[in-house]
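Values quoted throughout were computed directly from the atomic coordinates according to the rules given, and no laboratory measurement underlies them. Keep in mind the model is a prediction, meaning the values are calculated, not measured. Quick reminder, even Gly has a Cβ in these numbers, built from the backbone with ideal geometry, and neighbours come from all protein chains shown.
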Number of protein chains: 2
Amino acid sequence: MTRTVLIYGGVLALLVALLKYVEYRFLVRDMSMEIYIGIIAVLFTVLGIWAGPRLIKRRVIVVNPAFVLNEEALVRLGISKREHEVLELMAQGHSNQEIAEKLFVSVNTIKTHLSNLFLKLEVSRRTQAIQKAKELRLIP
Amino acid sequence: MTRTVLIYGGVLALLVALLKYVEYRFLVRDMSMEIYIGIIAVLFTVLGIWAGPRLIKRRVIVVNPAFVLNEEALVRLGISKREHEVLELMAQGHSNQEIAEKLFVSVNTIKTHLSNLFLKLEVSRRTQAIQKAKELRLIP
DNA sequence: GCATCCTTCACCCGAAAGGATGATTTATCC
DNA sequence: GGATAAATCATCCTTTCGGGTGAAGGATGC
């Protein structure tokens, strides 16, 4: 903050000096008063635009990052579409039986899918699978 | 954006008009040139500070909100310290046996804690418990 | 001192989950 | 047309979970 004010002051002083120089050398004799004032106005407006954000504390907006599926990991681990589907339902807290009913297949199929998933995720329990899948951004 | 530019232009025009007014009525006769220029500089610096952030696109910084334990929910649901501890370990993917070893108690104790937790969280599976506990911000 | 809550542990039983293996069907690719 | 991968289902067996019940020791508060 202190540093910022110093920089700001320095730039301001520099600008004033520049103006003085310009004033006595070239402009006053050749230009009308209006143009001279206009130049000053533009210069200091630009200065304000530049210095404003540096003087005023930046507002940090905390936002929950939207979920983006990590498709690269899906491919890398060789997780199929169906397996991913089962993974999502499992992570939502459904039992194998419930998942089977939702997907219109038998429980055995779900168990097979989950077995394969556990192998691919290198885990041995569904709670671990949820952990890992969240880390890898396979599920929200 | 278009609206912002219009406002900006309007304010600028207003300021110029004000300056003209001031110039011809009071100041030029009484003040030195330096002070007059100084006032212009200050005015347009302020204008720049005000208009800058409105002209330049605001940068939104996306940050993962830090985890804040919802103690109110803990009290409301009557979840004890030990139960919360077990809940955390469970959510990390540990089996009852593993949790028991980590806390130096028997598996039966862990099972009792989890049974009570399931009652308090109104769930019937550990995966559901994880879901609900995350929703309630009882665990990260 | 008594009630209450927390923590601990035990036992039983049935349901759910996990591991291994094999088989069939259906796409898809070369 | 054969190879390959995905999806489906099954069976067998073991481990883990979940539900119910009971009980004992310790801390807290009135």
Shielding of A:90-103 by partners, i.e. mean partner chain Cβ atoms within 10 Å per residue? 2
What's the FRET efficiency of A:Leu69 with B:Glu72 using the Cβ-Cβ distance as r and R₀ = 41 Å, to the nearest 0.05? 0.80
Where does each of A:Thr45, A:Thr109 land when they are ranked from fewest to most other beta-carbon atoms within 10 angstrom? A:Thr109, A:Thr45
One decimal, nm, nearest first: from A:Phe118 to the same residue in each other copy, label points 7 Å out along Cα→Cβ, the values are 1.8
For the stretch A:86-140 and the stretch B:78-126, compute the distance between their C-alpha centroids and round to whole Å. 22
Shortest first and in nm, the label-point separations between B:Arg59 and its counterparts in the other identical copies (7 Å out along Cα→Cβ) come to 1.7
Which residue of chain A is nearest the rotation axis onto chain B, counting by its Cβ, and what is the distance in whole Å? A:Gly48, 1
Counting other beta carbons within 10 Å of each Cβ, put B:Ile39, A:Ile110, A:Ile49, A:Ile56 in order, fewest first. A:Ile56, B:Ile39, A:Ile49, A:Ile110
Please count, across the stretch A:71-135, the pairs of lysine residues with Cα atoms under 18 Å apart that sit 8 or more places apart or on different chains. 9
Least to most buried among B:Val75, B:Val63, by other C-beta atoms within 10 Å and fewest first, runs B:Val75, B:Val63
